[in-house]
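Written out below as structure tokens is the structure these notes cover.
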Amino acid sequence: MSVEEQYVDSLYEADSELERVKEGIASNGMPSISVADGYGRLLTMLVRLAKANKLLEIGALGGYSGICLARGLNEGGSLVSLELLPAYAEVAKKHMVEAGLGDKVDYLIGDAKESLAKLKEEGRKFDFFFIDADKEGYPVYLEYAIELAEPGAIIVGDNILLRGRTTDEAKQGPAVKAVRSFNEKIATDERLESTILPGYDGLAIARVKG
Ligand SMILES: C[S@@+](CC[C@H](N)C(=O)[O-])C[C@H]1O[C@@H](n2cnc3c(N)ncnc32)[C@H](O)[C@@H]1O
């Protein structure tokens, strides 16, 4: 983390609920790859500002971002969270319940591409998306998000800098290429207006026009 990121984080009191989630993630042997604290706070704010009430998250891990997203919901709002691994979804659900948000979330287990195809088939629509699963899937996830979006929906994608790999021309692996293509689409797709924040590991934020 940069000195500036550390400074900004130091201004905020520790969030005991989210700290417990991080401990739970570690004690279950899961990787510590939850969204950065500062972007977690931004997710809550964005959901609240957009008055979003039908959220879709791609990549649950231990529920850290799920809590941040659900905290921004009004009464009656809900979160659908897609997670490949049943054991991870179980930990995420436990953390959501402990945070008093268990009734707001539904987990769909399995490859997100299959879950997204099913949601599309069912005609489901969402007004906020958080893309944070396997990086190779990002371009497909973005296209699904646009297709499942209500007009004005917000799409957020995390880790778009891949800890320096995105901007390193020597890196040409499938995940890097996929994220570059995701970033280009975020910046140029005519269906979107967007910005990309380069802090932490990079965050893309787009609004579906309409
Ligand atoms: C970076 S972590 C998510 C972190 C979480 N959003 C947070 O900030 O708390 C990525 C998650 O995506 C899941 N994942 C990886 N490939 C996936 C796939 N094809 N479909 C659904 N989930 C996937 C992983 O199991 C992992 O839990």
Specify the residue that is surrounded by the most Cβ atoms within 10 Å (Cβ to Cβ); the eligible residues are those in segment 36-54 that are within 14 Å of the ligand (Cβ to nearest atom) and charged (D, E, K, R). 37
Kindly list the number of the only condition in (1) more than 9 Å from the ligand (Cβ to nearest atom); (2) more than 26 Å from residue 152 (Cα to Cα); (3) among the aliphatic types (A, V, I, L, M); (4) within 16 Å of the chain's Cα centre (by Cα) that fails for residue 33. (1)
Residues being touching a helix residue (DSSP H, G or I) at 6+ places or on another chain (Cβ under 9 Å), more than 9 Å from the ligand (Cβ to nearest atom) and charged (D, E, K, R) - total across segment 71-109: 6
(1) charged (D, E, K, R); (2) surrounded by 21 or more Cβ atoms within 10 Å (Cβ to Cβ); (3) modelled with pLDDT under 95: which one isn't true of residue 75, the others all being true? (2)
Within segment 17-68, count every residue that is among the aromatic types (Phe, Trp, Tyr) and more than 27 Å from residue 147 (Cα to Cα). 0
Only one of 90, 57 is more than 15 Å from residue 131 (Cα to Cα) and surrounded by 13 or more Cβ atoms within 10 Å (Cβ to Cβ); which? 90
Condition met for residue 22 (away from the ligand (no atom under 15 Å from the Cβ) and either within 19 Å of residue 158 (Cβ to Cβ) or surrounded by fewer than 18 Cβ atoms within 10 Å (Cβ to Cβ) (or both)): no
List the residue pairs whose Cβ atoms are under 8 Å apart, where the first residue sits in segment 60-71 and is closer than 17 Å to residue 112 by Cα and among the aliphatic types (A, V, I, L, M), the second is near the ligand (Cβ under 6 Å from one of its atoms) and part of a helix (DSSP H, G or I), and the two are 6 or more positions apart or on different chains. 60/88; 61/88
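The values are calculated or read from the model by the stated rules, or taken from the named source; none is laboratory data. Since this is a predicted model, take the numbers as computed values, not measurements. Cβ sites come from the backbone with ideal geometry, for glycine too, and all protein chains shown count toward neighbours.
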